[in-house]
1. Looking at region A:29-57 only, could you name the residues that are under 12 Å from A:L111 (Cβ atoms) and charged (D, E, K, R)?
2. Can you find, within region B:102-114, the residue that is farthest from B:Y222 (Cα to Cα) among those that are buried (at least 21 other Cβ atoms within 10 Å of the Cβ) and in contact (Cβ under 8 Å) with a residue 60 or more places away in the chain?
3. State whether the residues of region A:93-101 include one that is under 30 Å from A:W131 (Cα atoms) and in contact (Cβ under 8 Å) with a residue 40 or more places away in the chain.
4. Counting just the residues of region B:176-229 that are without any contact (Cβ under 8 Å) to a residue 24 or more places away in the chain and of a type in the set (G, A, S), which one comes out nearest to B:K158 (Cα to Cα)?
5. Might you let me know whether region A:133-153 holds any residue that is touching a residue at least 12 places away in the same chain (Cβ under 8 Å), farther than 22 Å from A:E36 by Cα and of a type outside the set (V, I, T)?
6. List the number of the failed condition for B:G314; all other conditions in (1) farther than 20 Å from B:L160 by Cα; (2) in contact (Cβ under 8 Å) with a residue 60 or more places away in the chain; (3) away from chain A (no Cβ under 14 Å) hold.
7. Within region B:276-286, is there a residue that is within 30 Å of B:P136 (Cα to Cα), crowded, with 17+ Cβ neighbours inside 10 Å, of a type outside the set (F, W, Y) and in contact with a strand residue (DSSP E or B) (Cβ under 9 Å, 6 or more places away or on another chain)?
8. Is one or more of the residues making up region A:237-260 among the acidic types (D, E) and modelled with pLDDT of 95 or more?
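The values are calculated or read from the model by the stated rules, or taken from the named source; none is laboratory data. Since this is a predicted model, take the numbers as computed values, not measurements. With ideal geometry, Cβ positions are generated from the backbone for all residues, glycine too; neighbour counts draw on all protein chains shown.
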2 protein chains.
Amino acid sequence: MTLASAPPLPRDDRSVGIVSTNMIDLFSAESPLKLESGVELGPVRVAYETYGQLNEDASNAIYICHALTGDANVAGKHSPESKKAGWWDGMVGPGKTFDTNRFFVICSNVLGGCKGTTGPCSTNPATGKPWGSTFPFITIGDMVEVHAQLVRSLGIRKLLAVVGGSLGGMMALDWAARFPDMAHAIVGLATSARLTAQGIAFNAVGRRAIYADPNYKNGDYYEGEGPKFGLALARMIAHITYLSETSIERKFGRKLQNSDQLGYVLQQEIEFQVESYLHYQGQRFVERFDANCYLYLTRAMDYFDISQKYGSIGAALGQTAARFFLCSYSSDWLFPPSQSREIVTALLGAGKNVTYLELESVKGHDSFLLELEELESLLKPFLNSISSEVMTLASTRSGGSHR
Amino acid sequence: MTLASAPPLPRDDRSVGIVSTNMIDLFSAESPLKLESGVELGPVRVAYETYGQLNEDASNAIYICHALTGDANVAGKHSPESKKAGWWDGMVGPGKTFDTNRFFVICSNVLGGCKGTTGPCSTNPATGKPWGSTFPFITIGDMVEVHAQLVRSLGIRKLLAVVGGSLGGMMALDWAARFPDMAHAIVGLATSARLTAQGIAFNAVGRRAIYADPNYKNGDYYEGEGPKFGLALARMIAHITYLSETSIERKFGRKLQNSDQLGYVLQQEIEFQVESYLHYQGQRFVERFDANCYLYLTRAMDYFDISQKYGSIGAALGQTAARFFLCSYSSDWLFPPSQSREIVTALLGAGKNVTYLELESVKGHDSFLLELEELESLLKPFLNSISSEVMTLASTRSGGSHR
């Protein structure tokens with residue numbers, strides 16, 4: 001093997017490296033964010049990260065919206081000792097799909113979140129105590145308003161692309177409707193124009209698990225233990241919906257926790273491996289997430305319905321000249337392919353330019369976080385094409401001069 | 001309209017009328033039921049109901065196995081004032097599919113249940129207190145052993161058919177494997193030879209909701225309130241799996257509890273109608289069911305795997321000469337049609353006589369309790385055919401004499 005034929009670096013070696021989260025205060029008490037509910041909120045603190053360099057004309061920025069329980073840390077690590085890289089590290093970095101050698105990538109924790117951005121566990125300036133149950137009702141649209149304000153504050157007028165999976169995809173769609181001139185492309189993965197009734201039902205039962213926890217105390221639990229059991233249960237329920245039957249079957253099947261053989265046990269709380277796995281997921285989740293945030297964000301997700309607000313999906317997305325890239329996964333039953341097809345049909349009906357990828361995958365809803373190779377094979381050229389168009393446009397506008 | 005062209009009586013007018021539950025003690029301390037775990041249990045009290053008349057040679061009996069939360073009351077009412085008839089009243093009665101003018105129909109509450117048959121909420125004769133957490137681990141096979149003993153005690157050597165849906169269908173399959181000569185036909189609706197890994201996951205999370213309830217007290221809660229929140233949550237989770245996405249969508253869609261319009265609310269616990277519905281289902285369930293029973297019965301369901309015990313489905317069901325009738329429902333994702341097809345394939349491979357019906361339905365797993373017309377159109381002639389065969393056989397054996 002010669003140096004010339006050396007394989008490209010493995011995905012994990014193309015890291016953005018050590019990164020840190022920035023904080024910025026947007027809006028203010030005098031000039032607050034006006035929420036869709038009519039309530040005013042300001043200032044709004046936003047936790048965000050950026051990767052790569054913004055180019056001179058601020059035309060290479062890509063905004064990534066995280067999903068329900070994500071945060072601003074998309075890629076890289078916060079310290080060399082940290083074992084875990086950002087939630088989409090496989091996608092963001094030098095030479096990766098969101099190539100930080102070329103693009104300036106931004107991600108922020110959503111409004112209502114618990115990872116630095118103002119949310120129910122933040123301090124209410126009026127009382128000096130956590131907002132808790134007094135935090136105002138928020139919508140996907142409110143989150144997008146904050147994202148857009150962040151982008152403006154970074155000196156960016158138009159993004160190359162707004163990208164998101166699941167709840168993040170809902171934000172990307174809302175962005176296209178709300179700010180039709182702010183992005184050249186909208187990328188929505190494993191997403192929908194509204195959650196299914198079944199999805200609402202699962203979220204509702206998860207919220208009820210939190211309400212039923214005696215430590216919930218109507219949301220004002222910050223001086224106590226907090227509804228750990230309820231939040232863990234909500235996560236366990238939700239986690240099943242992120243997987244497919246096939247993926248659970250392949251990963252755990254009917255395997256018992258303490259034996260490879262089915263046997264008869266006497267009153268043993270954790271029996272099946274899938275139970276142990278879900279229990280573990282629930283426990284880890286409680287360590288990193290806040291129950292009120294979970295309530296506020298799932299409610300925002302449940303209320304999101306882009307066709308309800310604008311009349312139809314086509315009307316909502318018809319105002320933008322952005323190109324669309326949508327991707328769904330065959331075994332995703334929480335955001336099923338039929339919902340992506342509904343958006344694609346509406347976009348085509350509205351004369352929009354849309355690339356749609358329906359990937360075979362057994363990994364269910366989580367596929368957009370796990371099945372990166374095939375996604376990259378289409379999304380990378382899509383982003384390159386958008387980028388070339390934008391550069392050509394800029395070059396034409398500047399009279400073809402070569403800077 | 002003349003009398004001659006009067007339509008047949010509507011289904012609800014063909015009732016078995018007012019019925020009552022019988023109690024019988026089977027096995028005994030001296031001659032106990034030997035559970036699959038090796039533990040011995042006796043006596044076992046069994047709550048059962050019968051409808052119609054057993055014929056002279058005891059050849060017209062049909063045994064119906066109830067599902068997870070059913071009871072012995074399949075048909076009819078316990079009092080004229082009662083608003084609710086038995087759980088399968090549409091199927092059992094004069095002229096109905098299980099025609100009580102012709103068949104002698106039996107149903108008993110399962111071992112481990114809380115509707116009269118010995119279970120964790122029964123009194124442990126050794127202590128004079130409820131069994132609670134000391135009740136032994138039970139299996140589907142143990143339940144079937146009790147059913148078979150009940151049948152024998154009624155003077156029946158061979159049943160015309162053993163019938164069940166869901167968990168009841170698992171019992172019917174186990175019966176075929178365990179007592180291959182005790183039934184002429186096995187009828188399994190919306191059932192499987194083993195629960196899916198996803199089904200186990202949902203059951204496991206439901207059990208965890210009960211364990212996490214502070215009133216669970218390790219199962220010995222009978223002097224206290226009991227884990228009402230946990231049990232209600234478990235039921236809410238399970239209830240979603242009994243419905244299909246389409247049925248939830250059609251019934252509730254995204255409709256809010258207090259308005260037909262999506263609006264923005266401030267901290268309101270129950271928002272969507274589906275949430276209110278599930279909450280109501282959870283509350284009603286707690287009034288009629290015991291948390292320990294729910295734990296024991298779901299565990300029995302999770303452990304059931306007929307191919308694990310006998311080597312394969314074909315080996316398990318290959319010993320009986322019974323004819324099989326299986327039915328699955330297109331939108332049933334808890335016991336999907338693929339699982340019924342697996343049984344059908346194994347039965348055909350074992351040279352068995354099997355009738356298989358795959359019904360289109362939007363009602364999910366609950367279809368076997370709701371979609372009765374189409375089921376009747378095939379099951380009725382199937383039962384008639386079995387009945388005729390048995391009568392012909394009896395008549396041949398008795399030398400063709402006409403009694």
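1. A:E36, A:R45 - these are the residues of region A:29-57 that are under 12 Å from A:L111 (Cβ atoms) and charged (D, E, K, R).
2. This residue is B:F103.
3. Looking only at region A:93-101, we keep the residues that are under 30 Å from A:W131 (Cα atoms), and these are none.
Scanning region A:93-101, I find no residue that is under 30 Å from A:W131 (Cα atoms) and in contact (Cβ under 8 Å) with a residue 40 or more places away in the chain, so the answer is no.
4. B:A197
5. no
6. Of everything listed in (1) farther than 20 Å from B:L160 by Cα; (2) in contact (Cβ under 8 Å) with a residue 60 or more places away in the chain; (3) away from chain A (no Cβ under 14 Å), B:G314 misses just condition (2).
7. Within region B:276-286 (the criterion being within 30 Å of B:P136 (Cα to Cα), crowded, with 17+ Cβ neighbours inside 10 Å, of a type outside the set (F, W, Y) and in contact with a strand residue (DSSP E or B) (Cβ under 9 Å, 6 or more places away or on another chain)), the answer is no, since none of the residues qualifies.
8. Checking region A:237-260: not a single residue is among the acidic types (D, E) and modelled with pLDDT of 95 or more.
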